[in-house]
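To start, the structure under review is shown below, and the notes come after it.
The values are calculated or read from the model by the stated rules, or taken from the named source; none is laboratory data. Note that the structure is predicted; figures quoted are calculated from it, not measured. A quick note on method: Cβ atoms are made from the backbone with ideal geometry, for glycine too, and the neighbour counts reach across all protein chains shown.
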Amino acid sequence: MPPWLDDLLWTYQNLVYALGVNGLLALSMYVVLAVGQLSLGQAAFMGLGAYSSALMTLKLKLPFLAVLPLSVVVPVAFALVIGVPTLRLAGVYLAIATIGLGEVLRAVYLNVDLFGGALGLSGIPERATAWMIYGLLGLAMLALWLIGRSGIGRAMEAMREDETAAQVMGVPVQRYKMGALLASAMLAGLAGCLSAHVSSFIGPNEYGFEPAVTILSYVLLGGIGTPLAPVVGAWVLTLLPELLRGFSDIRLVLNGVIIVFAVLFLPNGLLAVRMKRIGARTAA
Amino acid sequence: MLAQQLVNGVLLGAVYALFALGFTLMFGVLRVINLTYGFYFSAGALLALWMARQGAPIWLALPLAALGAGCVAVVLDWVLLTRLRRIQAPELSSLMVTLGGVLALYSALTSWLGPDIRRLPPDLVAADAFHIGEVRVTAAQLLILGATTLLVAALLALMRGTRLGLAIRAMAEKPDAAQLMGIDTGRAAALVSFISGCLAGAGGVLIGLNFNAIHPYMGEAMMLRGFVVIIVGGLGDIRGALLAGLALGVIEVMTAGYVSSGLKEAVAFLILVAVLWTRPSGLFGRAVLRRA
């Protein structure tokens, strides 16, 4: 590696990590939106992955190669407890339950000694590397792209457009919705584990309402045409505050406004990669 | 001790019920989970704080703050949701748009006012307390009881006893048919937003009085209670929200008193999940669920 590139990576190390982790989070939101559901639990799942993996490293002294795959267990368990009852119902129930999950977990982290209270957990050894983060991101994108191209991808798109019609055509709607939520919880849990093991500190306020909505803004900026689009959305919104001075103060306001504009005026995202298909549905 | 906890719980629950009433009314009539709802709560509390600092007495600050929050609600509903209602967009769109809107509003408010917790002027409500046997009731608590009773009674009277209420109930039943019967649904929608905003704003002032802590994000913490109450009571069910709100207040106070105050949110959430597993139409719900 040439020395200037080495310097650059060293200087912007945290940004390099953040871009990869936020890319994973964007994918975790994308999976659920791709089947026409809205889960606001990504930040909560990330927090569960971060706290559970940090405790496995700090208290149980497990090696990172065991901790990383195990970090999906707790988020998946929570996704099952919330997903099984809500996915049978209209979409608002999943959204409500997942927003509630984030608020509750924050209160639990703050008040239970095991999680370090307001101070969070610190001294987590830096065991993750940029290679791991980007390797996983690449794998996840590849997997989602392959799924999207397959028959399952078509079924998911059909569910997003009209769930009842998809069900009538024989798409196993419940199974795909559950699968999407579990995949989303896994991706977010992995992202949480990786970010905890590069930043050495995690706290209760990192996984609340603001990050949950921010993750949604990544995906709505990018659009859900392909798995690449949400990742690009995440990168743009992660880079902007770094590039423009004074921007970080209004970062959250902007994230919110992006969601409003995207929903009202740009239903395919700013970076709509795929053209809208001929005969795609117009406003009903 | 138990009697005191029960009284505190019922009073807290009365405010939860008030807050959730507007939320469930909005869903029942407009078919939208409007996530900006918590912001009206913050707006009401902050408006009352500002007026109290200008020297306004509580009997003036409370209603004005509630009306102000109602106006905020009408404006936000118009900006964020009229367009989506017109094109009959799927419910996820309206969820997402209100979510983005509320993040922008909270963070703008926080960067303007700062995240600090503010206190109401100490002489706003008399510090007197009354003793009934062993139970101690403060003047602020009496005010909470009086204001919530009055507002709930007014809402029920409006919904059950006036032509306006009839129009709103018709709209909740079947919006298209209501429009064909000559109801101005746009105006009724604005009115429902206004009423809901007033209820949330009044709730904000009363919670601000109860805990004497006001900050921009207070509405977000309240949303969890709102979710629990409207799901346990049954989405859109006014009577259910009243009962579930009171019950939640008592349960929270009991949890804080006998288990741990750090776990009261967790208990509320457990109730929410348990109801979703067993009775998703709400404890009192008979309504047919719109299954996906």
Within the group A:A66, A:A90, A:A95, which residue is among the hydrophobic types (A, V, I, L, M, F, W, C) and in contact with a helix residue (DSSP H, G or I) (Cβ under 6 Å, 6 or more places away or on another chain)? A:A95
Taking segment B:170-181, which residues are surrounded by fewer than 15 Cβ atoms within 10 Å (Cβ to Cβ) and in contact with a helix residue (DSSP H, G or I) (Cβ under 8 Å, 6 or more places away or on another chain)? B:A177, B:M181
Check segment B:58-72 and report whether any residue there is among the β-branched types (V, I, T), within 25 Å of B:D116 (Cα to Cα) and modelled with pLDDT of 85 or more. yes
Pick from segment B:62-109, criterion of a type in the set (S, T, Y) and buried (at least 17 other Cβ atoms within 10 Å of the Cβ), ranking: nearest to the other protein chains (Cβ to nearest Cβ): B:S107
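Residue-by-condition table, conditions (1) outside any helix (DSSP H, G or I); (2) under 17 Å from A:S195 (Cβ atoms); (3) more than 14 Å from chain B (Cβ to nearest Cβ); (4) over 18 Å from the mean Cα position of the chain (by Cα):
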| residue | (1), (2), (3), (4) |
| --- | --- |
| A:V32 | no, no, no, no |
| A:L38 | yes, no, no, no |
| A:M46 | no, yes, yes, no |
| A:Y51 | no, yes, yes, no |
| A:M56 | no, yes, yes, yes |
| A:K61 | yes, no, yes, yes |
| A:F78 | no, no, no, no |
| A:I82 | no, no, no, no |
Name the helices (runs of 4 or more DSSP H) wholly within segment B:213-279 that hold at least 1 residues that are among the aromatic types (F, W, Y) and either modelled with pLDDT of 90 or more or touching a Gly at 6+ places or on another chain (Cβ under 8 Å) (or both)? B:218-233, B:264-278
For residues that are of a type in the set (V, I, T) and within 12 Å of the chain's Cα centre (by Cα), scanning just segment A:218-235, find the one that is surrounded by the most Cβ atoms within 10 Å (Cβ to Cβ). A:V219
If a residue has to be at the interface with chain B (Cβ under 10 Å from one of its Cβ atoms) and in contact with a Ser or Thr (Cβ under 8 Å, 6 or more places away or on another chain) to count, how many in segment A:213-234 make the cut? 0
Selection status of A:V74, away from chain B (no Cβ under 12 Å) and either assigned to a helix (DSSP H, G or I) or among the hydrophobic types (A, V, I, L, M, F, W, C) (or both): yes
Residue list for segment B:20-52, restricted to those being touching a Ser or Thr at 6+ places or on another chain (Cβ under 8 Å) and at positive phi: none
Hey, B:I230 within 18 Å of the chain's Cα centre (by Cα), within 14 Å of chain A (Cβ to nearest Cβ) and buried (at least 22 other Cβ atoms within 10 Å of the Cβ) or not: yes
Output the residues belonging to segment B:110-141 that are assigned to a loop (DSSP other than H, G, I, E, B), of a type in the set (V, I, T) and either within 14 Å of another protein chain (Cβ to nearest Cβ) or closer than 12 Å to B:L209 by Cα (or both). B:V125
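Every residue, every condition in (1) within 30 Å of A:V168 (Cβ to Cβ); (2) within 14 Å of chain A (Cβ to nearest Cβ); (3) within 15 Å of the chain's Cα centre (by Cα), yes or no:
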{"position": "B:T185", "(1), (2), (3)": "no, no, no"}
{"position": "B:F194", "(1), (2), (3)": "no, no, yes"}
{"position": "B:D237", "(1), (2), (3)": "no, no, yes"}
{"position": "B:V267", "(1), (2), (3)": "no, yes, no"}
Could you tell me whether any residue of segment B:173-185 is modelled with pLDDT of 90 or more and assigned to a helix (DSSP H, G or I)? no
Segment B:41-59, residues that are in contact with a helix residue (DSSP H, G or I) (Cβ under 7 Å, 6 or more places away or on another chain) and of a type in the set (G, A, S): B:S42, B:A43, B:G44, B:A45, B:A48, B:A52
Lone unmet requirement of (1) among the aliphatic types (A, V, I, L, M); (2) modelled with pLDDT under 85; (3) over 12 Å from A:M29 (Cα atoms) for A:V236: (2)
Quick check on segment B:110-129: of everything there that is touching a residue at least 24 places away in the same chain (Cβ under 8 Å) and farther than 17 Å from B:Y217 by Cα, which residue is surrounded by the fewest Cβ atoms within 10 Å (Cβ to Cβ)? B:P121
If you scan segment B:188-227, which residues turn out to be polar (S, T, N, Q) and either touching a Pro at 6+ places or on another chain (Cβ under 7 Å) or surrounded by 24 or more Cβ atoms within 10 Å (Cβ to Cβ) (or both)? B:S193, B:S196
